[in-house]
Amino acid sequence: MSDEPVISLRGVRAELGARLVLRGIDLTVRRGEVVALLGANGSGKSTAVRTVIGQVPVTAGEVELFGTPRRRFRDWSRVGYVPQRTTAAGGVPATVTEVVSAGRLSRARFGVLRKADHEAVRRALDLVGMADRAKDSVNALSGGQHQRVLIARALAAEPELLIMDEPMAGVDLASQEVLAETLERQVASGTTVLLVLHELGPLEPLIDRAVVLRDGCVLHDGPPPKAVGQHALPGHDHVHPHDTSGAEPIRTGLLS
Amino acid sequence: MDILNYAFMQRALLAAVLVGVTAPAIGIYLVQRRQALMGDGIGHVAMTGVGLGFLLSWSPVWMATLVSVLGAVLMELIRWYGRTRGDIALAMLFYGGMAGGVMFINLAPGGSNANLTSYLFGSLSTVSESDVTAICLLAAFVVLVTLGLRRQLFAVSQDEEFARVTGLPVRALNLLTAVTAAVTVTVAMRVVGLLLVSALMVVPVAAAQQLSRSFAATFAVAVAIGVAVTLGGTVTSYYQDVPPGATIVLLTIGAFIVLTALAAPLARRRARAAADADPAECRVPAGRAAGDEVGI
């Protein structure tokens, strides 16, 4: 049972519009593993993650979650998801607690939150160091704090599997460290993690395995590549735009 | 209070209050998902329903409900499948709905655009017994959905992608939101008219946002504003002989302006309180020492 893969993608192909984004990728994440999905912009890493949660339909291949085909999977409280976002805000003001409480709905029957649910929401806010901002509007938060709120929302259901799409994008250094610590504690308590990352950054020590995509194909599946040169400097933030033509997209030092 | 002695005014006030509650209650979810103009679109489509009602000699209110529900479902389907040219498809639906209404009403025996006017701009004083029954039933449905499913609707309207991963039936909830909005449009049709319906769905929410920090408070304040302006507008129109629909909408916009003016000093006070909580001087970020070399 413990050997059963938490996530299993076999020969997955997916299209966005008329463009073939995934050309048959295999990806297995076992219980307790921390796997980073790396690659240049447009390499299909976000799409791969979104086939796992059913946001992008698969045109061929199989996706399984906890050994169940994705179509029949209903046990969503085991999965915590952090979408790629720069903001947690919608068109109407909402407090940090209101946003994070939405993450608990997968465990609440008929959408009724009980005392234990409210406590879980508070614990999740504690984990990301946002408990003191619980009653504030999310509109008043910085980019890094938004990301912490989105992660607390995923943690509110106390999931066994965390799927995060670029959790470090647009996050200030102080928040990056809080996030790395939060993730470290989750991993220590046995949570399985699949991360989409642009670069390894402060999460590097946590990562067991890296899968690198290029043009919708798996290019590398193994130990995380070491950062070199400037990219290895502490606090190096990878913000320059990438050439999407794919001419030289892997010059990030990831594979050298 | 001689206003309450007339049966037609009692009906008008009841209908107005129900619209004041229901329009902002569903409108807040439309604003949250940044579809503030959806009410307007449904209003256009409902005109075809009114026209068909006249043509077939059926109740225009129920016919408008049926057609606008179908229209709202169609809009939701277009949003799923026709991502690329969705806006054009919606435009076709809106203008087709309006043109259909004008066409059908003129085809109806003895029908002319004059019949349409009371639905376009509301006709509060001619609300009948059977209208009131229909409005009460439809309003009960809207309140049940918007309050009973508030956590689910909040989650779906805030972040659809995330809501899917919490196992919520996202498509069903989206359809329910669209249908509820369509029902609200027909509830409000007799009071403010199809062309002004959207104002009561959106403007009270926008006004409430000026003051509130939470979704729950925005909801409560928006409904309070909705009830205040619909009652105020109805009473004003009785004493001053002005059209109630337009009065209600102008009062709502007035409320928005007043609350926006009030909000500025409040925001300054909150900003000061937040500044007191944060240190004013610069600090080296945690994880970096002052002597660190920082590569650029």
Odd one out for A:ALA140 among (1) under 19 Å from B:ARG213 (Cβ atoms); (2) under 21 Å from the mean Cα position of the chain (by Cα); (3) facing chain B (nearest Cβ under 9 Å); (4) of a type outside the set (D, E, K, R): (2)
Across region A:157-194, what is the number of residues that are crowded, with 22+ Cβ neighbours inside 10 Å, part of a loop (DSSP other than H, G, I, E, B) and either among the hydroxyl-bearing types (Ser, Thr, Tyr) or at pLDDT 85 or above (or both)? 3
Among the candidates B:MET75, B:MET92, single out the residue that is within 22 Å of the chain's Cα centre (by Cα) and surrounded by fewer than 20 Cβ atoms within 10 Å (Cβ to Cβ). B:MET92
Pairs where the first residue, in region B:15-28, is under 15 Å from B:ASP40 (Cα atoms) and the second is modelled with pLDDT under 95 and not in a helix (DSSP H, G or I), C-beta under 6 Å, 6+ apart: B:ILE28/A:VAL92
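Output yes when any residue across region A:37-51 is within 30 Å of A:SER137 (Cβ to Cβ), more than 9 Å from chain B (Cβ to nearest Cβ) and of a type outside the set (Val, Ile, Thr), and no when none is. Give the steps one after another, and end with the answer.
Here is the first cut: in region A:37-51, the ones within 30 Å of A:SER137 (Cβ to Cβ) are A:46, A:49-50.
Next, from what is left, pick out any that are more than 9 Å from chain B (Cβ to nearest Cβ): A:46, A:49.
From the residues that got through so far, the ones that are of a type outside the set (Val, Ile, Thr) too are A:46.
Checked against the condition, which is being within 30 Å of A:SER137 (Cβ to Cβ), more than 9 Å from chain B (Cβ to nearest Cβ) and of a type outside the set (Val, Ile, Thr), region A:37-51 yields at least one hit.
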Hey, B:TYR29 hits all of (1) over 18 Å from B:LEU116 (Cβ atoms); (2) surrounded by fewer than 24 Cβ atoms within 10 Å (Cβ to Cβ) but one; which does it fall short on? (2)
Checking B:THR180 against (1) within 13 Å of chain A (Cβ to nearest Cβ); (2) at negative phi, which test does it fail? (1)
Condition met for A:LYS135 (of a type in the set (D, E, K, R), without any contact (Cβ under 8 Å) to a residue 24 or more places away in the chain and either under 25 Å from B:ALA217 (Cβ atoms) or crowded, with 19+ Cβ neighbours inside 10 Å (or both)): no
Answer yes or no: is there a residue in region B:131-144 that is under 20 Å from the mean Cα position of the chain (by Cα), closer than 30 Å to A:ASP75 by Cα and within 13 Å of another protein chain (Cβ to nearest Cβ). no
Within region A:196-213, restricting attention to residues that are in contact with a helix residue (DSSP H, G or I) (Cβ under 7 Å, 6 or more places away or on another chain) and in a strand (DSSP E or B), which residue is farthest from the other protein chains (Cβ to nearest Cβ)? A:LEU213
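Might you check whether a residue that is within 12 Å of chain B (Cβ to nearest Cβ), more than 30 Å from A:ALA134 (Cα to Cα) and at pLDDT below 90 occurs anywhere in region A:76-95? Lay out the reasoning, then the answer.
Within region A:76-95, the first condition is being within 12 Å of chain B (Cβ to nearest Cβ), and the residues that meet it are A:76-85, A:87-95.
Right, trim to more than 30 Å from A:ALA134 (Cα to Cα) and you get none.
Among the residues of region A:76-95, not one is within 12 Å of chain B (Cβ to nearest Cβ), more than 30 Å from A:ALA134 (Cα to Cα) and at pLDDT below 90, which makes the answer no.
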Residues in region A:56-68: is at least one in contact with an Asp or Glu (Cβ under 6 Å, 6 or more places away or on another chain), of a type outside the set (Gly, Ala, Ser) and loosely packed, with under 15 Cβ neighbours inside 10 Å? yes
In this structure, does A:LEU150 turn out to be within 11 Å of chain B (Cβ to nearest Cβ), buried (at least 20 other Cβ atoms within 10 Å of the Cβ) and touching a Ser or Thr at 6+ places or on another chain (Cβ under 7 Å)? no
Pairs under 7 Å by beta carbon, first residue at the interface with chain A (Cβ under 7 Å from one of its Cβ atoms) in region B:148-160, partner among the aromatic types (Phe, Trp, Tyr), six or more apart or different chains? B:PHE154/B:PHE215; B:SER157/B:TYR29
Would you be able to say whether some residue in region B:79-87 is outside any loop (DSSP other than H, G, I, E, B), touching a residue at least 12 places away in the same chain (Cβ under 8 Å) and buried (at least 21 other Cβ atoms within 10 Å of the Cβ)? no
Residue list for region A:98-121, restricted to those being more than 8 Å from chain B (Cβ to nearest Cβ), surrounded by 21 or more Cβ atoms within 10 Å (Cβ to Cβ) and in contact with a Ser or Thr (Cβ under 8 Å, 6 or more places away or on another chain): A:VAL121
Given the conditions (1) touching a residue at least 24 places away in the same chain (Cβ under 8 Å); (2) closer than 26 Å to A:ASP221 by Cβ; (3) more than 10 Å from chain B (Cβ to nearest Cβ), report the number of the one that A:ALA188 does not fulfil. (1)
Is region B:103-111 home to any residue that is at pLDDT 85 or above, more than 16 Å from the chain's Cα centre (by Cα) and of a type in the set (S, T, N, Q)? yes
Going by the structure shown, is B:VAL223 within 14 Å of chain A (Cβ to nearest Cβ), touching a residue at least 60 places away in the same chain (Cβ under 8 Å) and of a type outside the set (S, T, N, Q)? yes
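The values are calculated or read from the model by the stated rules, or taken from the named source; none is laboratory data. Only a predicted model underlies this, so the values are computations on that prediction, with no experimental measurement involved. Cβ sites come from the backbone with ideal geometry, for glycine too, and all protein chains shown count toward neighbours.
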